[in-house]
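In what follows, a structure is listed as structure tokens, so that the remarks can point back to it.
The values are calculated or read from the model by the stated rules, or taken from the named source; none is laboratory data. The shown structure was predicted, so the numbers you read here are calculated from the model rather than taken from an experiment. For neighbour counting, all protein chains shown are included, and Cβ atoms are generated from backbone atoms with ideal geometry for every residue, glycine included. With ligands, DNA and RNA removed, areas are computed over all heavy atoms of the protein, side chains included. Shrake-Rupley method; radii C 1.70, N 1.55, O 1.52, S 1.80 Å.
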Amino acid sequence: MTTEQGIIRLTDFADDQRMSHLYEKFILEYYVQEYGQKYRGFTAKAAMIPWQLDDSNKNLLPVMKSDVLLSYGGRKLVIDAKYYAHSLQSNFDTKTIHSANLYQIFAYVKNLAAMRRDDTVAGMLLYARTDEEIVPDEDYQMSGNRISVKTLDLGQEFPVIKEQLDKIVTEYFTELG
């Protein structure tokens, strides 16, 4: 994710929007191929998450569509893949998670959990690694649900990328580990 002299040259490949879409599709298809076909009952898909409203007024509400929704054994993990030049935002020299991204994954998780009426739903922001010093790797408990912010290092050989993606599954679906 740099145009400076080095080993990896991805930024010149396509514009950021197309690269972001490719990143989302790569993660989804990895889980479809590696787990969806090997484990009975495991699903990986992009899914619409309906708003859990107290009335029927849906006017002007945006659509909630997850990049990746993994399901197995009654548990669900919503993954929102983020491909940005900067995985953290900066405010007065303080680095934090992008607010809008955190609000988005929280909304996905809480609406899906409310629909299911349980807390077996977790969420993850999965950033593509950049050359920034701080690499997000955090887990939070928010209103009864686990929300994680992780980084996928695409600058590695594929076996290492595979290991990173497999670790996500084995941490959330321990019976597959």
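What number of residues within region 46-67 satisfy the criterion of being surrounded by 14 or more Cβ atoms within 10 Å (Cβ to Cβ) and either farther than 20 Å from residue 118 by Cα or of a type in the set (Ser, Thr, Tyr) (or both)?
Residues flagged as surrounded by 14 or more Cβ atoms within 10 Å (Cβ to Cβ) and either farther than 20 Å from residue 118 by Cα or of a type in the set (Ser, Thr, Tyr) (or both) within region 46-67 amount to 2.
Show the residue pairs meeting these rules: Cβ distance below 6 Å; 6+ apart or different chains; first residue within region 141-166 and open to solvent by 60 Å² or more (accessible area, probe 1.4 Å); second residue of a type in the set (Gly, Ala, Ser) and at pLDDT 95 or above.
Filtered contacts from region 141-166: 146/122.
Within the bounds of region 150-164, is there any residue that is of a type in the set (S, T, N, Q), more than 19 Å from residue 23 (Cα to Cα) and not in a loop (DSSP other than H, G, I, E, B)?
Within region 150-164, the subset of a type in the set (S, T, N, Q) is 151, 156, 164.
Narrowing further to those that are more than 19 Å from residue 23 (Cα to Cα): none.
Looking for residues that are of a type in the set (S, T, N, Q), more than 19 Å from residue 23 (Cα to Cα) and not in a loop (DSSP other than H, G, I, E, B), one finds none in region 150-164, hence no.
Those residues that are open to solvent by 20 Å² or more (accessible area, probe 1.4 Å) and modelled with pLDDT under 75, I need them from region 72-87; list them, please.
85, 86
Can you name every residue in region 100-111 that is under 16 Å from residue 148 (Cα atoms) and either of a type in the set (Gly, Ala, Ser) or surrounded by 14 or more Cβ atoms within 10 Å (Cβ to Cβ) (or both)? Even if it seems obvious, please write down each step before you answer.
Initially, region 100-111 is screened for residues under 16 Å from residue 148 (Cα atoms), giving 100-110.
Selection gives 100, 101, 102, 104, 105, 106, 107, 108, 109, 110.
Looking at (1) open to solvent by 80 Å² or more (accessible area, probe 1.4 Å); (2) β-branched (Val, Ile, Thr); (3) closer than 19 Å to residue 164 by Cβ, can you tell me which one residue 130 breaks?
Here residue 130 clears every test but (1).
Considering only region 9-37, state which residues are at pLDDT below 90 and open to solvent by 60 Å² or more (accessible area, probe 1.4 Å).
Within region 9-37, 9, 12, 13, 15, 16, 17, 18, 37 meet the criteria.
List every residue pair whose Cβ atoms lie under 9 Å apart, where the two residues are 6 or more positions apart in sequence or sit on different chains, the first residue falls within region 101-119 and is touching a residue at least 60 places away in the same chain (Cβ under 8 Å) and within 13 Å of residue 65 (Cα to Cα), and the second residue, located anywhere, is among the charged types (D, E, K, R) and open to solvent by 60 Å² or more (accessible area, probe 1.4 Å).
Note: no pairs meet the criteria.
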